[in-house]
Amino acid sequence: MKISKEQVEHVAMLARLELTEEEKQTYTEQLNSILEYAAILDKLDTQDVPPTAHPLPLHNVFRDDVVKPSISQEEALTNAPDAEDGFFKVPKIV
Amino acid sequence: MLEDFEIVAGVEVHAELATKTKIFCGCTTEFGGEQNTHVCPVCLGLPGVLPVLNRQVVEYAIKTGLALNSEIAEFSKFDRKNYYYPDLPKNFQTSQYDLPICLGGHVEIEVDGVKKRIGITRVHMEEDAGKLVHSGATISTSDVSFVDYNRTGVPLLEIVSEPDLRSVDETVAYLEKLVQTLDYIEVSDCRMEQGSVRFDINVSLRPKGSDKLGIRTETKNLNSFGSVRRCMEYEIERQAEVLSEGGQVIQETRTWDEGRGITLSLRSKEEAHDYRYFPEPDLVPMVIEREWVERVRERLPELPDSRRERLLELGLSAYDAGVITSSKALAEFFDAALDKFKDPKTLANWVMGDFLGLLKAKGIPVQSSPVKPEGLAELLNLVENGTISGKIGKSVIGEMFESGKGAAEIVKEKGLVQISDTGALSGIIDKVVNSNPQSVTDFKAGKERAIGFLVGQVMKETKGQANPGLVNKLLKEKLETM
Ligand SMILES: [Zn+2]
């Protein structure tokens, strides 16, 4: 599988990343070499191997439905780039 | 134009679960609260936090799957659905992709007396998003928007139907049945006006006789059966027009403008449907033990269909049984009243007539009715044993709603006890007969109906308190002696 520059542009758009022409070139090459390396795994017969859902051999980690204190509005907004009247303020969406 | 096409529709229903806390953190799910006060580092998606799944969410999902005849997966996991929208602080929604908790299933609906099975594709768990308030009139005319994350992380079930629906009526019947079921099994409080249940409607048209699917549109976030009906009617007409003119329907997401009664395209460059799902590394998978499923199954309450069936066996009409079982609260009310007053048909008449009428007039739900099942039963027993007439009963129930007092208390206080005393009634009957000679003559001339008028006059004289059966009998006896 080969990643094209168009795919890099598409993924960058989905991730809201602005890339220079040079970066697009670099990332296309880097992503391709990563995928090439991972392609070694294609040599294995994984026909009867179920896909890994999680690397840890754990399941069913649950918590009880018990209310815990939330944080204050002030704390919640501490790291917000912009806020107003207790709301997070965000730029134009569409 | 519409006659040339067949409608093919499917629905996705999002229902907020009635847990006390959010799906992955201990923040409360309570409605209201000042903006951004029901939040914590987990549901705000701050770096370095770990979500932990609420066991109750899984249990409610299993319960729902069982009620919808689904298969409960033995192995299930969460995935990240990636997209950028400020109502999700993490820039992805934790949802389920290829291994949902419930697969398959069906709901049975009835439209115009015809029963039909609507297939369920899947049911999965996910988190709700936050609330956006725009600075302008619409999202696209707003320079900035304000975000409240109180609802972010509230557990949702997404219930996806097969494209088995062939009309607006079928679609609404399916949604009503689904919401009714969620209400019965008490997994969601189904408060539609608060948006705790939302519908996404997929609809397409195809030429009659064709078995190929047409191109569909999806209208998102409807929150009442009425909007679903109006939106579908509009969208069907719109698509039929496009197709009749030789055009093509564009596959897209649309939004319903309730005010204008139209659907609008939501197309934009941003809306690239490329969610790049991948397994959620912060949550370990679930292995749903069969014992757990069986424990939930044992505790599953009686479902609407079987409840309705039971009322039909008691002799209620299909319509009455349908209305009474339409909500669990009303069905429970009926059963509790029936426990104290043994005539199901009379009870149904009162429940559907005066009781529901008064509730509706006051705009209060059955659960908070000032008249309790025992109270209604007490009233009906007073009518049944002749203490008060049915007519007086109707004014007593109104008074019960107003004052919250018991039926017997009101009857005693206001002296409403039915006059069943022959001596007391005879005097009034004499008076009525004497002042209505024309009716007496009519009766004598064979006009049986004239007696109805005389009974009415006696009832009027006694302010409705006379026992009508006795009045009838005494009047006849009196007239025969004349
Ligand atoms: Zn939280």
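Quick one: in segment B:136-160, which of the residues that are part of a strand (DSSP E or B) and open to solvent by less than 10 Å² (accessible area, probe 1.4 Å) is farthest from the ligand (Cβ to nearest atom)?
Among them, the one singled out is B:ILE159.
Can you give me the number of residues within segment B:290-326 that are within 16 Å of the chain's Cα centre (by Cα) and assigned to a helix (DSSP H, G or I)?
Selection size over segment B:290-326: 10.
If only one of B:ALA329, B:ALA336 is closer than 24 Å to B:ILE185 by Cβ and either modelled with pLDDT of 95 or more or in a loop (DSSP other than H, G, I, E, B) (or both), which one is it? Give the derivation first.
Details: B:ALA329 fails: either modelled with pLDDT of 95 or more or in a loop (DSSP other than H, G, I, E, B) (or both).
Being closer than 24 Å to B:ILE185 by Cβ and either modelled with pLDDT of 95 or more or in a loop (DSSP other than H, G, I, E, B) (or both) holds for just one of B:ALA329, B:ALA336, which is B:ALA336.
Within segment B:161-178, track down each residue that is in a helix (DSSP H, G or I) and small (Gly, Ala, Ser).
Going residue by residue through segment B:161-178, those that are in a helix (DSSP H, G or I) are B:168-178.
The answer is B:ALA173, and nothing else.
Can you tell me which of (1) modelled with pLDDT under 95; (2) under 25 Å from B:LYS81 (Cβ atoms) is the one B:ALA137 doesn't meet?
(2)
Quick check: anything in segment A:48-70 of a type outside the set (A, V, I, L, M), touching a Lys or Arg at 6+ places or on another chain (Cβ under 6 Å), at the interface with chain B (Cβ under 7 Å from one of its Cβ atoms) and outside any strand (DSSP E or B)? Steps first, answer last, please.
Our first condition is that a residue be of a type outside the set (A, V, I, L, M); within segment A:48-70, this holds for A:48, A:50-52, A:54-55, A:57, A:59-60, A:62-65, A:68-70.
Those still in the list that are touching a Lys or Arg at 6+ places or on another chain (Cβ under 6 Å) too: A:62, A:65.
With the extra rule that they be at the interface with chain B (Cβ under 7 Å from one of its Cβ atoms), the set shrinks to A:62, A:65.
From what is left, the residues that are outside any strand (DSSP E or B) are A:65.
Yes; the residues of segment A:48-70 include at least one that is of a type outside the set (A, V, I, L, M), touching a Lys or Arg at 6+ places or on another chain (Cβ under 6 Å), at the interface with chain B (Cβ under 7 Å from one of its Cβ atoms) and outside any strand (DSSP E or B).
Scan segment B:109-127 and tell me whether some residue there is closer than 18 Å to B:GLU280 by Cα, in contact with a Lys or Arg (Cβ under 7 Å, 6 or more places away or on another chain), buried (at least 22 other Cβ atoms within 10 Å of the Cβ) and not acidic (Asp, Glu).
No, segment B:109-127 contains no residue that is closer than 18 Å to B:GLU280 by Cα, in contact with a Lys or Arg (Cβ under 7 Å, 6 or more places away or on another chain), buried (at least 22 other Cβ atoms within 10 Å of the Cβ) and not acidic (Asp, Glu).
Conditions: (1) within 28 Å of the chain's Cα centre (by Cα); (2) modelled with pLDDT under 95; (3) within 16 Å of the ligand (Cβ to nearest atom). B:ASP112 meets all but one. Number of the miss?
If we test B:ASP112 against (1) within 28 Å of the chain's Cα centre (by Cα); (2) modelled with pLDDT under 95; (3) within 16 Å of the ligand (Cβ to nearest atom), just (3) comes out false.
Within segment A:11-47, count every residue that is among the hydrophobic types (A, V, I, L, M, F, W, C), surrounded by 12 or more Cβ atoms within 10 Å (Cβ to Cβ) and assigned to a helix (DSSP H, G or I).
Matching residues across segment A:11-47 total 6.
Given the conditions (1) farther than 19 Å from B:ALA377 by Cβ; (2) more than 14 Å from chain A (Cβ to nearest Cβ), which single one is not true for B:TYR277?
For B:TYR277, the failing item is (2).
Scanning segment B:1-57 for residues that are farther than 30 Å from A:LEU58 by Cα and among the charged types (D, E, K, R), which turns out surrounded by the fewest Cβ atoms within 10 Å (Cβ to Cβ)?
B:GLU3
The values are calculated or read from the model by the stated rules, or taken from the named source; none is laboratory data. Bear in mind that the values here come from a model prediction, so they are computed numbers and not experimental data. Methodologically, a virtual Cβ is constructed for each residue, glycine included, from the backbone with ideal geometry; neighbour enumeration extends over all protein chains shown. Protein only, heavy atoms only, side chains kept; ligands, DNA and RNA dropped before computing areas. Shrake-Rupley method; radii C 1.70, N 1.55, O 1.52, S 1.80 Å.
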